[in-house]
């Protein structure tokens with residue numbers, strides 16, 4: 001299988017070489033398309049040092065920001081069997097793409113592969129393995145939570161064609177959108193193997209924190225921010241607008257029930273008590289139910 005790796009960069013000169021080298025060291029045949037999102041540091045110059053490698057293509061663009069930069073990459077990428085997303089500051093395990101290829105090779109229809117990461121500090125010293133999604137991938141989960149970390153996501157050709165050119169005006173993040181669409185319209189595969197060293201530093205677009213307390217503080221901070229509340233609700237409504245005719249009947253029913261429940265306080269309370277949408281852990285699910293009642297999901 002041919003793999004097209006898609007990387008978006010922005011002012012990433014500090015860690016970029018290490019990440020690109022780990023991608024080019026993969027055992028699977030690949031091409032790397034890097035779109036720079038308007039960097040003002042030495043990132044473009046670093047990228048052009050890879051120009052002699054025939055597997056690397058570089059495009060310099062205007063600043064779109066995340067997630068639109070990744071949506072653009074998925075729109076313009078050359079055809080391939082698989083499409084792997086890459087951040088600019090991680091390090092891939094040598095068998096990352098090999099595992100994705102093996103998982104997706106026997107799947108028919110649109111499919112998304114994602115996996116677990118090892119969270120590290122800036123010097124790649126291990127902090128902790130990202131928590132496992134103990135309840136597994138599902139559409140009911142994707143309605144309110146993302147478990148498909150973008151740096152691990154690999155789409156097959158059918159999934160790329162499904163989402164290509166149909167992007168939301170509002171979403172939690174590009175990986176959350178892809179997880180939601182594929183959970184409702186196709187297949188999502190989760191690999192519990194650690195495939196990426198996920199570097200934590202001050203410049204992360206979305207960070208995980210250095211431990212449980214900082215992760216919880218980050219979630220609270222995002223909920224209290226001006227655009228934090230109802231992000232998932234807005235994303236779910238965009239799914240209905242763009243993919244109503246592609247969703248499985250059971251997924252469409254779940255989506256419509258969730259959105260209808262959000263129209264009144266009584267509806268939100270009833271749904272919180274018995275609706276199928278859920279997060280992965282009991283504690284997080286309890287917080288979800290409270291947020292559903294007050295209309296902040």
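The values are calculated or read from the model by the stated rules, or taken from the named source; none is laboratory data. This is a predicted model, so every value here is computed, not measured. Cβ coordinates were reconstructed from backbone atoms using ideal geometry, including for glycine residues, and neighbour counts include every protein chain displayed.
Summary of values
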| item | result |
| --- | --- |
| Residue satisfying condition, being in contact with a helix residue (DSSP H, G or I) (Cβ under 7 Å, 6 or more places away or on another chain), modelled with pLDDT of 95 or more and buried (at least 18 other Cβ atoms within 10 Å of the Cβ), within set 277, 244, 260, 269 | 277 |
| Residue list for the stretch 147-164, restricted to those being buried (at least 19 other Cβ atoms within 10 Å of the Cβ) and part of a loop (DSSP other than H, G, I, E, B) | 147, 148, 149, 153 |
| The stretch 253-276, subset touching a residue at least 24 places away in the same chain (Cβ under 8 Å) and within 24 Å of residue 109 (Cα to Cα), residue nearest to the chain's Cα centre (by Cα) | 255 |
| Residue 88 closer than 19 Å to residue 200 by Cβ and surrounded by 22 or more Cβ atoms within 10 Å (Cβ to Cβ) | yes |
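Conditions tested, residue by residue: (1) in contact (Cβ under 8 Å) with a residue 40 or more places away in the chain; (2) in contact with a helix residue (DSSP H, G or I) (Cβ under 9 Å, 6 or more places away or on another chain); (3) assigned to a loop (DSSP other than H, G, I, E, B).
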site: 88; (1), (2), (3): yes, yes, yes
site: 98; (1), (2), (3): yes, no, no
site: 134; (1), (2), (3): yes, no, yes
site: 145; (1), (2), (3): yes, yes, yes
site: 166; (1), (2), (3): yes, yes, yes
site: 181; (1), (2), (3): yes, yes, no
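Residues checked against (1) closer than 17 Å to residue 151 by Cα; (2) in contact (Cβ under 8 Å) with a residue 60 or more places away in the chain:
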| position | (1), (2) |
| --- | --- |
| 8 | yes, yes |
| 24 | yes, no |
| 36 | yes, no |
| 78 | no, yes |
| 93 | yes, yes |
